[in-house]
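Read-outs: derived from the displayed coordinates by stated rules, not from any lab. Please read all numbers here as calculations on a predicted model, not as lab measurements. Cβ coordinates were reconstructed from backbone atoms using ideal geometry, including for glycine residues, and neighbour counts include every protein chain displayed.
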Ligand SMILES: [Zn+2]
C-alpha cells in the first residue's frame with residue numbers, strides 16, 4: 001500500500017475521533033477582533049497538540065498568544081515550519097447562522113461553525129497528520145515546527161516582533177501553511193506568494209463647518225471637488241497609475257510563471273456573468289491573472305462627504321474623505337509607495353491630509369525551487385489531481401514576515417471547499433475536505449523529508 005492509501009485507511013478507521021477533535025477546537029470561541037476567548041483557545045490548541053505527541057506551549061505576545069510546537073524526528077536533516085491561525089473572524093450577524101457559530105454541527109456532509117475553514121479545520125490537519133503517521137510507524141524524517149498565531153484576522157500586529165524575538169527557535173528550511181478555499185473546480189490551490197497592501201486615507205477640508213449650499217455655494221470651496229480632481233491626477237487613460245515611480249520596482253513574471261498563468265483555468269464570460277459586469281477594467285494589454293498577480297493597483301476603497309440619506313439636504317460639505325488602497329507586487333515596498341503617494345498629493349493638492357492606515361509587503365517564492373515542486377507533487381498525490389498552481393495570490397497575508405525575517409521559502413496550499421463561507425455566516429468545511437487535508441499534510445511532510453538538504457537550502 002502507498003503512504004497515501006495507508007493514511008486514508010487510518011483516517012477511515014478513526015473518523016469520529018478526528019472530527020470530535022476539530023469540534024473541541026471549534027467550540028472554543030477565539031475572536032481576535034473582540035478579544036473573545038482567544039487566550040482560552042490557545043490553551044485548548046496546546047492541549048490538543050500535546051495529546052498528539054507535539055511538544056507545545058503558549059507563548060505570550062504584546063497581543064494574543066502564539067501556540068508553538070515542535071516535533072523533532074531523530075535523524076532528520078530537514079525542518080519544516082508549519083503556520084496557521086487559531087483566531088477567527090467575528091461571527092456577526094448571529095441571526096444569519098442556521099446553527100450557532102460556536103456549536104459545530106454536521107449537515108449534508110459539511111461541518112458548520114466559525115473557523116471551520118478559516119483556519120481551525122485546516123491547521124488541525126497538520127496536527128492530526130503527525131499522530132496518525134507516528135501511530136502507523138510511518139513518520140517521515142522531517143523535523144516539524146508549528147507556529148499558530150491568534151491575531152491573523154486582526155492583521156497580525158504582534159507577529160513581526162514575535163518572529164524577530166524567536167528567530168532562533170523558528171529556524172527552519174521552509175514555511176508551509178494551508179489556508180483559503182480551493183478552486184471552484186474542486187482542485188486544491190498551491191501558491192507561492194501574496195500581494196502586499198497599503199491603506200491610505202486622504203482628508204480634504206473646506207470651510208470650518210458644513211454650510212447652506214445656496215447661501216454659500218460658489219465662492220466657498222468644496223472639498224469633495226478637491227478630492228475628485230486629485231484622484232483624477234492619479235490615473236492614466238489606460239487605467240495605469242499615474243503616480244511618479246509607482247511601477248519602478250515591479251518585477252515581471254518569469255517565463256515559467258507565465259506558463260503557470262496560462263494553465264490556470266479561466267472563463268472570462270463565466271466570470272462576467274458571475275460578477276454581473278459587462279467588461280473588465282484595468283490595462284487592456286494585461287490578462288486577468290497577470291493583473292491579479294503581477295500588477296499593483298491603486299483603487300478607491302471608500303468615499304465619504306455631504307449627505308446621501310433619505311430626502312434631500314442642500315449642504316456644502318466642510319470635509320471630504322477618501323480611502324485609497326494599493327495592492328503591491330514583488331518587489332514594491334509599502335513605505336516607498338506611501339511616500340510616493342504622499343509626494344503626489346503634496347504636489348497636486350498640498351492642503352489635503354494624507355494618513356497611512358495599514359501596510360503589508362508583497363512576497364513571492366520561486367515556484368521552481370525543489371521544495372516548491374515537492375509540495376505541488378505532494379498535493380497532486382493527495383488529491384489525485386493536479387493542483388491549480390498560482391505564482392501569487394491576489395490577496396494579502398503575512399508571508400513576507402516569514403520570508404524576510406526568517407529567510408524562508410514560503411509555500412501555501414488550500415484545503416477548504418470553495419464555498420467555505422469564510423468571514424461569512426454559516427462558515428463550513430466539508431468532512432471530505434477536512435479529512436483529505438490530513439492526507440495532504442502527511443504527504444507534504446513526506447516529500448519535504450525526502451528532499452536533498454543541500455537542494456532544499458539552495
Ligand atoms: Zn480569514
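Data overview
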quantity: Global form of the chain, assessed from the alpha-carbon gyration tensor, a/c cut-off 1.5; calculated: prolate
quantity: Exposure proxy order (Cβ contacts within 10 Å, fewest to most) of 344, 183, 126; calculated: 183, 344, 126
quantity: Computed E for residue 15/residue 168 - FRET, C-beta separation, R0 45 angstrom, nearest 0.05; calculated: 0.70
quantity: Cβ-based exposure ranking for 43, 325, in which fewest neighbours within 10 Å come first; calculated: 43, 325
quantity: Cα gyration tensor, region 53-167 - rounded (a/c under 1.5), prolate or oblate; calculated: oblate
quantity: Efficiency of FRET from Cβ geometry, residue 351 and residue 77, R₀ 45 Å, rounded to 0.05; calculated: 0.15
quantity: FRET efficiency, residue 247 to residue 57 (Cβ-Cβ, R0 30 Å, nearest 0.05); calculated: 0.10
quantity: Convex hull (Cα only) mean projected area of region 132-188, reported in nm² to one decimal; calculated: 6.4
quantity: Full-extension gain in nm, residue 259 to residue 6, via 0.36 nm per residue minus C-alpha separation; calculated: 87.6 nm
quantity: Gyration tensor (alpha-carbon) shape descriptor, region 277-344, a/c threshold 1.5; calculated: oblate
quantity: Gain on full stretching of the segment that runs from residue 280 to residue 161 - 0.36 nm per residue minus C-alpha separation; calculated: 38.8 nm
quantity: Computed helical MRE - 222 nm, the chain, DSSP H runs ≥ 4 contributing -39500 (n - 2.57), nearest 500; calculated: -11000 deg cm²/dmol
quantity: Stokes-Einstein D for region 193-246, Kirkwood Rh over Cα pairs, 25 °C, 0.890 mPa s (µm²/s); calculated: 174
quantity: Ranking of 286, 133 by count of other Cβ atoms within 10 Å, fewest first; calculated: 286, 133
quantity: Length gained when the stretch residue 135-residue 39 is fully extended (0.36 nm per residue, less Cα-Cα span); calculated: 31.6 nm
